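Participant: I have a structure here, written as structure tokens, and I will follow up with some questions on it.
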Amino acid sequence: MIALFGPPGAGLTALAHVIRDASNLDIAVLRDTEEQALPERADFARMLGAAVVIMDGFPSFPEDIKKLYDARLVYPGSGAVVRVVTDPELCVRRGYKTPDEVLAFNKRLPLIEEAIRGFNLPYYVVHNDDLEQAALDLAKRAQITD
């Protein structure tokens, strides 16, 4: 299980699809996830044969980290939480979100990272300036591909 998060417009969905396309494994991408349905949706994806499940855009808040941990979706030794870094102005130029929405995410980020450290979860940071290289690096670190 990989939980991808970052500011709105950072390229999370694009990165998830690049990872899926670069891998020789069956990878399911869950978008617009409702936190209550995450365990069921992940189990269903695995039942359909997905070797890896990517949650696109979750966590969004510090309390989401506990939900990931409690549901055993990401825990020490299994899965990863991945933050996608990008130029904040790029998010706004893409028209996805306003500067205030990106700023709100950036204000929550230290609390999200503190929660990740508190649960000792595997945590990676990738930059979306080269999505293909970021996907390959992440796939190697998360042991998705060779």
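Participant: Consider LEU90 carefully, then state whether it is over 16 Å from the mean Cα position of the chain (by Cα), part of a helix (DSSP H, G or I) and at pLDDT below 85.
Facilitator: Numbers: over 16 Å from the mean Cα position of the chain (by Cα): yes; part of a helix (DSSP H, G or I): yes; at pLDDT below 85: yes.
The answer is yes for LEU90.
Okay, residues lined up against (1) farther than 22 Å from ALA135 by Cα; (2) modelled with pLDDT of 85 or more:
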{"site": "LEU4", "(1), (2)": "no, yes"}
{"site": "ARG20", "(1), (2)": "no, no"}
{"site": "ALA28", "(1), (2)": "no, yes"}
{"site": "MET55", "(1), (2)": "no, yes"}
{"site": "PRO62", "(1), (2)": "yes, yes"}
{"site": "ARG72", "(1), (2)": "yes, yes"}
{"site": "VAL85", "(1), (2)": "no, no"}
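Participant: Collect the residues in the stretch 110-123 that are exposed (fewer than 15 other Cβ atoms within 10 Å of the Cβ) and either modelled with pLDDT under 85 or assigned to a helix (DSSP H, G or I) (or both), keeping them in residue-number order.
Facilitator: Residues satisfying the conditions are PRO110, LEU111, GLU114, ARG117, GLY118.
Participant: Moving on to the next point. Consider THR13 carefully, then state whether it is farther than 23 Å from GLN133 by Cβ, surrounded by fewer than 19 Cβ atoms within 10 Å (Cβ to Cβ), modelled with pLDDT under 85 and in contact with a strand residue (DSSP E or B) (Cβ under 7 Å, 6 or more places away or on another chain).
Facilitator: Taking the combined requirement at face value, the residue does not satisfy it.
Participant: Exactly one of these conditions fails for GLN36: (1) more than 22 Å from ASP137 (Cβ to Cβ); (2) at pLDDT 90 or above. Give me its number.
Facilitator: Failed condition: (2).
Participant: While we're here: Could you say which residue among ALA16, ALA10 is closer than 12 Å to VAL84 by Cβ, touching a Ser or Thr at 6+ places or on another chain (Cβ under 6 Å) and in contact (Cβ under 8 Å) with a residue 40 or more places away in the chain?
Facilitator: ALA10
Participant: Condition test on ALA45, is it at pLDDT 80 or above, under 11 Å from the mean Cα position of the chain (by Cα) and part of a helix (DSSP H, G or I)?
Facilitator: Spelling it out, it is not the case that ALA45 is at pLDDT 80 or above, under 11 Å from the mean Cα position of the chain (by Cα) and part of a helix (DSSP H, G or I).
The values are calculated or read from the model by the stated rules, or taken from the named source; none is laboratory data. No experiment lies behind these values; they were computed from the predicted model shown. With ideal geometry, Cβ positions are generated from the backbone for all residues, glycine too; neighbour counts draw on all protein chains shown.
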